[in-house]
Amino acid sequence: MRTVSDRRLKVIVFVLAFAVYAAVGYWLQVRHGFILGDALSRASAAQSVLFSRDPHLAAIGFIFTPLTAMAQIPMIALSPVWPDFAERAFSGSLMSAAFMAGAVVQIVSTGSDRGLSRRYVLVITAIFALNPMIVFYGSNGMSEAPFVFFVTWAVRRLMMWMVDDDVHHLIAAGGIAMGLAYLTRYDAVACVAAAALLVGVTTYRRARIPPRFRRALLDVLLVSGPGLAALVGWAVASWLITGEAFNQFTSQYGNTAILRQSGGGTSDFGAGLVFSVASMTLLAPTLIPLVVWAGFMRWRRPNWGMLLAPIVIFGATLAFQALTYATGETFPFLRFYIVAIPFAACMALVAVPDGGFAVPKRRGRYAPKSAQTPTTRSLRGGYLAAAAFAVSVPVAGWGMSLPTYAPQEFALAAVVDPDPDSVSQAKADQRRVAATFSTERQLARYLDRLQLPESSIIADTMYGFAVIVASDRPKTFVVPSDADFVRLLNDPSGRGVRYLLAVPNTGRGVADALNLRYPTLYETGSDVATLELEIPNQGENQPTYRLYRVNEPLPQK
């Protein structure tokens, strides 16, 4: 029987993983309407680029970094044919499935690069790919899948660079993976900084003859320069278009403002660190033992330096998340620590003897002499590492059921185990979270039936994005990315606007553009509109909408 080549094996792994994640996304989002808010907002941003009243690329927004929304644009272009690409954010599911399947391939490649036993590599890969957090975030349109892919790719290439000093690894890790990671999540700034430190120190120590500093600096620029360029380029683009370089932190729609409005952060540094450590433990309960075992197997032995890449890069990412939460700068979400899972997978792969390494494209002058020395020691300890890694699957599944640590994931039980006859408070909470955005879809259908002309409804995308993305007539809505938004908001009756979609002027609603312009709109109509419809919301943390009909303009004297 002919052995399947590495290339073909990776194609098979990618196709299988993509099919599983896409199927789960279809089942969750299209069939059951279980959609997370950030995933739906990214689909809405991509829709605005193509189908808003003022379609332009900058309509994608500058709160999130752009890659996850931009990747969905080709599928959103098909939403007139199949509305669920936008309305149910299935474009996001396909985006996540592709990137997470790519992350699975990176785990396979991490083992095959070092010539490990294929059976062992596939065992570790299967444990990683079937972890419930990986399955969920490989299917739901959030930014976790591309972030895990890019960081795991960078770690894999840096591991090999530590062995063979091939400059191609630095180009792939820094020039592609790190730069695109930043365009996926702001958290990647920790990876970029950590990679610069790791590569700079390593090259400086390897270069025995002057000019050591210059050689180290060149390698640092290769691995972290593109990430820095992505940071600066995105900030400059944001500043030129919106007047703010870092909207995530300064805009009324950004993360900092949301934390302030909703009270989502923590004010207790110690409690924040405890929460972060607990979250990491839930996702990778045997991470520390795997690191210790891998260190014992590697330290001061041939190619021991490859151990540093996952520890430094994944470790910096987790430390950054822990620090930002402990200082009250982000939310208590289990998903922010998801890289603990590929971290543990890499440790399980590093904790075994090397086989025959892949031949480098250009072996560097500072590669250790023993870089290509294969060993034939038993994999018995490796299977113990695999068993330890496998513990993460049931523990992560249990962790996802805990609302304290997993306020977004725990409601999956309403879909996986609906139990419609239960009257418990826990089930009620799960159903309410699972029903998020169902009211917005109903409201969108109601507004579509009115057959309103273009520019008839003013709505801020703070909350209104969920209504707009579910509408078959997105040009009906006037939104903040439209060039004439302020002009129409200032004089809705004189410019043909028929309705204002209002939300309560409390919590996040205080930053809603309609409330900023008309502070009493939700309560009284602010003398510019008359209440026509109130829409109670059955979703979690979603507002009760009020639809106000704009008053007729006063007759001219």
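Numbers for the structure displayed
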| quantity | calculated |
| --- | --- |
| Ellipticity estimate at 222 nm from DSSP helix runs (n ≥ 4, -39,500 (n - 2.57)) divided over the chain, nearest 500 | -16500 deg cm²/dmol |
| FRET efficiency, Ala387 to Ala237 (Cβ-Cβ, R0 56 Å, nearest 0.05) | 0.70 |
| Unit charges on C-beta of K, R, D, E only; dipole of region 439-550, Debye | 180 debye |
| On Cα atoms only, tilt of 340-350 relative to the major axis of the chain in degrees | 20 degrees |
| Cα centroid separation, region 452-504 to region 229-263 (Å) | 23 Å |
| Diffusion constant of region 439-550 at 25 °C, which comes from Stokes-Einstein with the Kirkwood Cα-pair radius and 0.890 mPa s, µm²/s | 179 µm²/s |
| The chain, relative contact order in percent, only Cα pairs under 8 angstrom and at least six apart counted | 16 percent |
| Residue order, fewest to most beta carbons within 10 Å, for Val236, Val497 | Val236, Val497 |
| Rough spin-label spacing in nm, given labels placed 7 Å along Cα→Cβ, for Tyr446 and Trp27 | 3.4 nm |
| Extension gain from Ala358 to Gln261, taking 0.36 nm per residue of separation minus the Cα-Cα distance | 29.7 nm |
| Cα radius of gyration and Dmax for the chain (Å) | 25.4, 96 |
| Burial ordering of Thr327, Thr476, Thr68, Thr286, fewest other beta-carbon atoms within 10 Å first | Thr327, Thr286, Thr476, Thr68 |
| Projected label distance in nm at Asp6 and Val274, using a 7 Å step from Cα toward the beta-carbon | 4.7 nm |
| Per-pair calculated FRET efficiency, R0 = 41 Å: Phe14 and Asp484 via Cβ, rounded to 0.05 | 0.35 |
| Hull-based mean projected area of region 34-110, where the convex hull spans the alpha carbons, in square nanometres | 5.8 nm² |
| Folded to 0 to 90 degrees: helix 118-129 orientation relative to the chain principal axis, Cα | 20 degrees |
| Angle between the chain longest axis and helix 380-390 axis [Cα atoms, degrees, rounded to 10] | 10 degrees |
| Relative exposure of Val350, Val274, judged by other C-beta atoms within 10 Å (fewest first) | Val274, Val350 |
| Hydrodynamic radius by Kirkwood, which averages 1/r over all alpha carbon pairs of region 254-347, in angstrom | 14.3 Å |
| Cross-link partners of Lys427 among aspartates and glutamates (Cα-Cα below 19 Å; sequence separation of 8 or more within a chain) | Glu409, Asp417, Asp419, Glu540 |
| FRET efficiency, Val416 to Arg208 (Cβ-Cβ, R0 45 Å, nearest 0.05) | 0.20 |
| Trypsin sites (Lys or Arg not before Pro) restricted to region 249-328 and DSSP loop, no more than 13 other C-beta within 10 Å | Arg300 |
| Euclidean distance of C-alpha centroids, region 27-96 and region 271-313, integer Å | 36 Å |
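No lab work stands behind these numbers, since they all come straight from the coordinates. Keep in mind it's a predicted model, so treat the numbers as computed, not measured. Counting neighbours? That spans all protein chains shown, and the Cβs are built from the backbone with ideal geometry, glycine included.
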